[in-house]
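Report on one structure; see the data block that follows.
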Amino acid sequence: MRPYLRSRAVRLALAGAAVAGAAAVLISSLAGGGLAPVPLPGIGRPARAGDPFAYEPSRQAEFEARATAGSAHVLFTKSPGGVQATAARVAGLRKLVDRASAGSGVDPNTLEALVFVESAGRPQVIAGSDPSAAAGLTQILAQTGQVLLGMHIDLAASRRLTTAIYRADALGETGLVARLLAQRARIDDRFDPAKALAAGVRYLRLARQRFGRPDLAVVSYHMGIGNLQQVLDDYDGGRAVPYAQLYFDTAPDRNRSAYELLSGFGDDSSLYYWRVLGAIQIMRLYRSDPSALGRLTDLQTAADSTAAVLHPPDRTPSFADPGELAAAYASRAVLPLPSNAAQLGLAYDSGMGSLAGKVGAPVALYRGLRPAALDLLIELAARVRDLSGVKAPLTVSSTVADQRYLNQLGISDPPTATGYTFQLERSYASRAQAVALQAMLDRLQALNLIAWTRQPLTIEVTAASDASRAIVNGP
């Protein structure tokens, strides 16, 4: 057991491990016998009052790094043609990026990442079918380009040419398409890559003059200067603060008005800055370590969440059968669920482990978690109760399993077989409880402490291996 888990054990009394009986969990199946019973559940100490995930100014860089990692999944799963293809397109524009940013004070890596996030390096892309919408490499609205950035945009002509381009492309007339694209770039600056990049630089400079910070300038690129100013006004009277502080120091129970504004934007505006930072990292890997980017891509796209990134299958032990799982209980690598669930704001579905008999194992074998996952589950329940004011429990519907047990269910779920994954029923006592749970899932994912997916009846949560340390020492 790692030192930080030992310190956590003092606080949570090993989150419910029994005092006696550990040595009795023997793998007698190896000698042809049956499995001995797993340790009985013990008492889990409730989480301390307060928010262990609260922002600390002295650790701004760590919060930024966590948010960048926790928000990167969409860059890998939504990049047109895949993340490597997008990186190649964007890299091909680097000379233009350098020219546009030269002498401006705008970081060229940031501008390049903005292109990655906005257009995936496609100069002709439009957010929809009408060029009045965001268009071009830097995805500038026609009105913004005309009024704020001084771009030449003949919108009526751009619309006519866009319709003609769609028609010619549908007919396979590639030569005509090329001529029409060149015509459109002459009457709509957003479709001229050099002019689009220059306009993006002008926006970032204007926003930096307004807010006095490059991070807030990037945030405003997607959120809008007016919207960001309103969030800042609600947070601290308009004072410009680091975006990490603005994001992580707002919650349903802290600076609530600013939190509701940030979380209320329906276009993931609050996550935009983290994704730009993620794109910077992708482009760095693309140039310096393509094999590492390839491995990360495989992990990011292995599932609907980042569970494989948190626990790479080739580096994270999983349990093949009941014997291996029982051995994990014996060594305290897996701990039984606490018996005082109600005190912890939890309830356990009676069906957990119901197929244990079919694999010759006790039901209790499938009612436990790795210490980090158990710590996080207890903290999650406590924070949901604090935020919602609802004392009704969250119901845990499944925890650790081995692959032989999962085969009985007809599924292969590697995270579940590691002991880091649990499922919560999507059945809530009130809307307030549901909203609080969603707020915590979003926050924990932004801290790169969980990966989660929404199933028809459950929420599947995979805890990071460093969750216990983050709870004790802060993210």
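The values are calculated or read from the model by the stated rules, or taken from the named source; none is laboratory data. Being a predicted model, the structure only gives us computed values, none of them experimental. Don't worry about glycine lacking a Cβ; one is built from the backbone with ideal geometry, like all the others, and counts go over all protein chains shown.
Hey, among the residues in region 101-125 that are part of a loop (DSSP other than H, G, I, E, B) and within 14 Å of VAL90 (Cβ to Cβ), which one's nearest to the chain's Cα centre (by Cα)?
The qualifying residue nearest to the chain's Cα centre (by Cα) is ALA120.
Only residues that are small (Gly, Ala, Ser) and more than 29 Å from ALA61 (Cβ to Cβ): list them for region 405-460, please.
Within region 405-460, GLY410, SER412, ALA417, GLY419, SER427, ALA429, SER430, ALA432, ALA434 qualify.
Return the pairs, sorted by first residue and then second, in which the second residue is of a type in the set (Asp, Glu) and part of a loop (DSSP other than H, G, I, E, B), the first residue lies in region 418-441 and is in contact (Cβ under 8 Å) with a residue 60 or more places away in the chain and surrounded by 15 or more Cβ atoms within 10 Å (Cβ to Cβ), the beta carbons are less than 8 Å apart, and the residues are 6+ apart or on different chains.
If the second residue must be of a type in the set (Asp, Glu) and part of a loop (DSSP other than H, G, I, E, B), the pairs left are THR421/ASP413; GLU425/ASP349.
Taking region 379-421, which residues are of a type in the set (A, V, I, L, M, F, W, C), within 15 Å of ALA328 (Cα to Cα) and at pLDDT 95 or above?
Hits for region 379-421 are VAL400, ALA401.
Condition (residue is free of Cβ contacts under 8 Å to residues at least 12 places away in the same chain and of a type in the set (Ser, Thr, Tyr)) applied to region 210-230: is it met by at least one residue?
For region 210-230, residues free of Cβ contacts under 8 Å to residues at least 12 places away in the same chain and of a type in the set (Ser, Thr, Tyr): absent.
Against the condition under 23 Å from the mean Cα position of the chain (by Cα) and surrounded by fewer than 21 Cβ atoms within 10 Å (Cβ to Cβ), how does PRO414 come out, does it pass?
In short, yes.
Residues in region 420-463 that are small (Gly, Ala, Ser), within 20 Å of TYR55 (Cβ to Cβ) and under 12 Å from the mean Cα position of the chain (by Cα): how many?
Qualifying residue count for the region: 1.
Please go through region 455-469 and pick out each residue that is aliphatic (A, V, I, L, M) and crowded, with 22+ Cβ neighbours inside 10 Å.
Result: VAL461, ALA463, ALA464, ALA467.
Please work out if ASP375 is over 22 Å from GLN455 (Cβ atoms) and surrounded by 15 or more Cβ atoms within 10 Å (Cβ to Cβ).
For ASP375, the condition - over 22 Å from GLN455 (Cβ atoms) and surrounded by 15 or more Cβ atoms within 10 Å (Cβ to Cβ) - is met.
Tell me which residues, restricted to region 68-85, are assigned to a helix (DSSP H, G or I) and of a type in the set (A, V, I, L, M, F, W, C).
Residues satisfying the conditions are ALA69, VAL74, LEU75, PHE76, VAL83, ALA85.
Any idea which of (1) under 30 Å from LEU387 (Cα atoms); (2) within 20 Å of the chain's Cα centre (by Cα); (3) surrounded by 14 or more Cβ atoms within 10 Å (Cβ to Cβ) is the one ASN255 doesn't satisfy?
Unmet for ASN255, out of (1) under 30 Å from LEU387 (Cα atoms); (2) within 20 Å of the chain's Cα centre (by Cα); (3) surrounded by 14 or more Cβ atoms within 10 Å (Cβ to Cβ): (2).
Could you list, in sequence order, the residues of region 80-108 that are closer than 14 Å to ILE280 by Cα and among the small types (Gly, Ala, Ser)?
ALA87, ALA88, ALA91
Can you tell me which residue within region 120-164, out of those that are of a type in the set (A, V, I, L, M, F, W, C) and touching a residue at least 40 places away in the same chain (Cβ under 8 Å), is surrounded by the fewest Cβ atoms within 10 Å (Cβ to Cβ)?
LEU148
Could you please tell me which pairs satisfy a Cβ distance under 6 Å, a separation of 6+ or placement on different chains, a first residue in region 334-361 that is under 16 Å from THR395 (Cβ atoms) and not assigned by TED's automatic domain parsing to the domain that holds LEU377, and a second residue that is among the charged types (D, E, K, R) and crowded, with 17+ Cβ neighbours inside 10 Å?
Sorted first by the residue in region 334-361, then by its partner, the list stays empty.
Residue by residue, here is whether (1) under 28 Å from the mean Cα position of the chain (by Cα); (2) farther than 18 Å from LEU325 by Cβ; (3) in a loop (DSSP other than H, G, I, E, B); (4) of a type outside the set (Lys, Arg) holds:
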site	(1), (2), (3), (4)
ALA347	yes, yes, no, yes
LYS358	no, no, no, no
LEU380	yes, yes, no, yes
LEU387	yes, yes, no, yes
ALA392	yes, yes, yes, yes
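Which of the following residues is part of a helix (DSSP H, G or I), surrounded by 15 or more Cβ atoms within 10 Å (Cβ to Cβ) and either touching a Lys or Arg at 6+ places or on another chain (Cβ under 9 Å) or small (Gly, Ala, Ser) (or both): ALA61, ALA65, ALA88?
Going through ALA61, ALA65, ALA88 in turn, just one is part of a helix (DSSP H, G or I), surrounded by 15 or more Cβ atoms within 10 Å (Cβ to Cβ) and either touching a Lys or Arg at 6+ places or on another chain (Cβ under 9 Å) or small (Gly, Ala, Ser) (or both): ALA65.
In region 234-252, how many are crowded, with 20+ Cβ neighbours inside 10 Å, assigned to a helix (DSSP H, G or I) and in contact with a Leu (Cβ under 9 Å, 6 or more places away or on another chain)?
5
Being in a helix (DSSP H, G or I) and among the aromatic types (Phe, Trp, Tyr) is the filter; apply it to region 258-295 and report the residue that is surrounded by the fewest Cβ atoms within 10 Å (Cβ to Cβ).
Looking at residues that are in a helix (DSSP H, G or I) and among the aromatic types (Phe, Trp, Tyr), I get TYR286.
Report the residue count in region 165-208 for those that are under 22 Å from GLU118 (Cα atoms), without any contact (Cβ under 8 Å) to a residue 24 or more places away in the chain and surrounded by fewer than 19 Cβ atoms within 10 Å (Cβ to Cβ).
Total meeting the criteria: 2.
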